[in-house]
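The values are calculated or read from the model by the stated rules, or taken from the named source; none is laboratory data. Model, not experiment: these values are computed from the prediction. Glycine also receives a Cβ, built like all others from the backbone with ideal geometry; neighbour counts cover every protein chain displayed.
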Amino acid sequence: MTKAPLWLPAAEALDLMQVRPQTLYASVSRGRIRAKPDAADPRRSLYHRDDVQRIAARTRGRRSSETVASEAIQWGEPVLPSAVSTVADGRLWYRGQDACELAGHATLEDVAGLLWESAPPHFVATDSGQAHAKGATPLQAGLLALAARAAADPPSRGRSRSVLQAEAADVIGTLADALLGPSSRASHLHTRLAAAWRRPRAADVLRRALVLMADHELNASTFAARVTASTGASLAACLLTGLSTLTGPLHGGAAAAVQALMRSVTALGSDAAVREWLAHDRPLAAFGHPLYPAGDARCTVLLQVIELPPAFASLRATGEKLLGEAANIDFALAAMAAVHKLPADAPLMLFALARTVGWTAHVLEQQATGQLIRPRARYTGPELAR
């Protein structure tokens with residue numbers, strides 16, 4: 001039996017969806033349908049079959065409000081209005097400014113000022129007595145430090161925005177102390193990271209990575225932090241929720257999967273390694289992103305300042321050829337860590353420290369609404385005993 005093609009021309013996609021071309025193009029721009037140039041005619045595009053079929057299934061018949069709501073949680077329209085960031089036209093935007101352009105010159109502190117609508121903060125904890133838990137990994141120490149503050153800090157509800165902004169800088173300083181140790185008090189977080197990892201030449205690429213990772217609209221960890229914020233919980237509790245969610249392998253742990261794939265590449269070669277992963281139905285975290293059908297712009301910008309080692313270059317070429325998807329930011333973070341000989345957990349540490357800035361911006365925005373986020377469930381259990 002001939003397997004259906006993975007990529008469809010516009011005519012077939014429109015026939016499946018039963019919509020006008022403008023609707024197809026809008027779904028692509030919103031990241032709901034992946035697209036790529038047609039190799040036979042670069043003026044035309046091909047559309048990912050699975051995405052087209054999913055959208056087509058949604059539009060058949062009248063949908064109930066429960067169906068619409070449940071779909072919104074799974075790569076649908078934004079579930080909450082937000083002015084913090086968005087992905088549009090294949091780019092990431094922070095309050096209307098191109099994050100990729102900001103990465104050329106801004107610091108994480110500058111981006112925090114932009115997203116928080118404040119002066120750039122200084123991430124230093126008031127209480128430097130937070131010590132590493134004995135024998136704990138940096139991640140464990142970070143979670144414990146935030147948990148300790150979450151149990152003691154006052155609720156965020158009812159407090160002024162300026163007070164919460166100052167407290168956020170202090171909480172992020174607490175997390176930085178736990179992850180990196182309190183010895184270095186450099187003015188900017190990227191220089192502190194470079195000093196803690198003894199890689200001063202990596203400071204500028206670390207700066208760029210932090211800026212690019214500061215926020216990404218309503219991803220899983222940000223949504224979790226906003227739900228916590230909607231209850232009025234402390235800032236530390238909100239950031240703890242975000243960090244806990246980030247540790248999942250489908251989110252912040254994706255770079256570790258890229259590193260595991262690279263070990264297979266070293267042992268087997270890129271073609272054999274990729275084919276083996278695909279044969280075992282293991283997703284390649286290094287490639288593709290639903291919000292960037294034409295390729296992850298953050299990856300492109302970061303790789304511009306990295307000379308890829310041969311093994312990474314080979315994996316990139318092989319993966320893009322076999323999958324039809326471009327390398328993503330997780331690939332770039334793993335490559336950066338390898339080039340500069342950073343600790344194995346450096347990508348996750350960068351992700352965590354950078355994203356605290358975005359989580360805080362969303363917490364502040366959620367607090368301003370004064371609303372509790374409380375979705376309803378569609379019950380699918382046993383019949384009710386009446």
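With the requirement that a residue be out of contact with any His (no Cβ under 9 Å at 6 or more places or on another chain) and either small (Gly, Ala, Ser) or surrounded by fewer than 12 Cβ atoms within 10 Å (Cβ to Cβ) (or both), what does region 22-42 give you? It would help to see each step written out before you state the result.
Within region 22-42, the first condition is being out of contact with any His (no Cβ under 9 Å at 6 or more places or on another chain), and the residues that meet it are 22-30, 32, 37-42.
Those that are out of contact with any His (no Cβ under 9 Å at 6 or more places or on another chain) and either small (Gly, Ala, Ser) or surrounded by fewer than 12 Cβ atoms within 10 Å (Cβ to Cβ) (or both): Gln22, Ala26, Ser27, Ser29, Ala39, Ala40, Asp41, Pro42.
(1) over 25 Å from Thr228 (Cβ atoms); (2) touching a residue at least 12 places away in the same chain (Cβ under 8 Å): which one isn't true of Ala147, the others all being true?
Failing condition for Ala147: (1).
What are the pairs with Cβ atoms under 9 angstrom where one residue, in region 326-348, is under 15 Å from Arg198 (Cα atoms) and the other, located anywhere, is among the polar types (S, T, N, Q) and part of a helix (DSSP H, G or I)? Sequence gap at least six, or different chains.
Ala337/Gln259; Ala338/Gln259; Ala344/Gln259
Can you tell me how many residues within region 272-309 are in contact (Cβ under 8 Å) with a residue 60 or more places away in the chain and of a type in the set (Gly, Ala, Ser)?
Number of matching residues: 4.
Does region 89-102 contain at least one residue that is over 30 Å from Leu291 (Cβ atoms) and either at pLDDT below 95 or in contact with a Gly (Cβ under 7 Å, 6 or more places away or on another chain) (or both)?
No, region 89-102 contains no residue that is over 30 Å from Leu291 (Cβ atoms) and either at pLDDT below 95 or in contact with a Gly (Cβ under 7 Å, 6 or more places away or on another chain) (or both).
Take the residues in region 96-128 that are without any contact (Cβ under 8 Å) to a residue 60 or more places away in the chain, in a loop (DSSP other than H, G, I, E, B) and crowded, with 16+ Cβ neighbours inside 10 Å; name whichever of them is farthest from the chain's Cα centre (by Cα).
Ranking the candidates gives Ala125 first.
Is one or more of the residues making up region 356-370 surrounded by 12 or more Cβ atoms within 10 Å (Cβ to Cβ), small (Gly, Ala, Ser), within 14 Å of the chain's Cα centre (by Cα) and outside any loop (DSSP other than H, G, I, E, B)?
Yes - at least one qualifying residue is present in region 356-370.
Six or more apart or on different chains, Cβ under 6 Å: which pairs go from a residue in region 255-268 that's in the same structural domain as Ser314 (by TED's automatic domain parsing) to one that's surrounded by 19 or more Cβ atoms within 10 Å (Cβ to Cβ) and modelled with pLDDT under 90? Could you list them?
These pairs meet every condition: Ala257/Ala285; Val258/Ala285; Val258/Ala286.
Could we say that Pro138 is within 24 Å of the chain's Cα centre (by Cα) and at pLDDT 95 or above here? Step through it out loud before you land on a result.
Numbers: within 24 Å of the chain's Cα centre (by Cα): yes; at pLDDT 95 or above: no.
Answer is no for this residue.
For region 325-355, name all the residues that are part of a helix (DSSP H, G or I) and not hydrophobic (A, V, I, L, M, F, W, C). Can you show your working first?
Residues of region 325-355 that are part of a helix (DSSP H, G or I), as a first pass: 329-339, 346-355.
Of everything in region 325-355, those that are part of a helix (DSSP H, G or I) and not hydrophobic (A, V, I, L, M, F, W, C) turn out to be Asp330, Pro347, Arg355.
When you go through (1) crowded, with 24+ Cβ neighbours inside 10 Å; (2) within 26 Å of Thr86 (Cβ to Cβ) one by one for Phe312, which number turns out not to apply?
It is condition (2) that Phe312 fails.
Of all the residues that make up region 310-324, how many are in contact (Cβ under 8 Å) with a residue 40 or more places away in the chain and either more than 16 Å from Leu261 (Cα to Cα) or assigned to a loop (DSSP other than H, G, I, E, B) (or both)?
The number of residues fulfilling the criteria is 1.
Return the total of residues in region 84-120 being under 18 Å from Arg192 (Cβ atoms) and of a type in the set (D, E, K, R).
Counting residues in region 84-120 that are under 18 Å from Arg192 (Cβ atoms) and of a type in the set (D, E, K, R) gives 2.
Which residue, of Glu307, Glu276, is charged (D, E, K, R) and outside any helix (DSSP H, G or I)? It would help to see each step written out before you state the result.
On the way: Glu276 fails: outside any helix (DSSP H, G or I).
Going through Glu307, Glu276 in turn, the sole match is Glu307.
Sort through Arg298, Arg263, Arg282 and tell me the only one that's of a type in the set (Lys, Arg) and in a loop (DSSP other than H, G, I, E, B). Give the derivation first.
Numbers: Arg298 fails: in a loop (DSSP other than H, G, I, E, B); Arg263 fails: in a loop (DSSP other than H, G, I, E, B).
Within the list Arg298, Arg263, Arg282, the selection yields Arg282.
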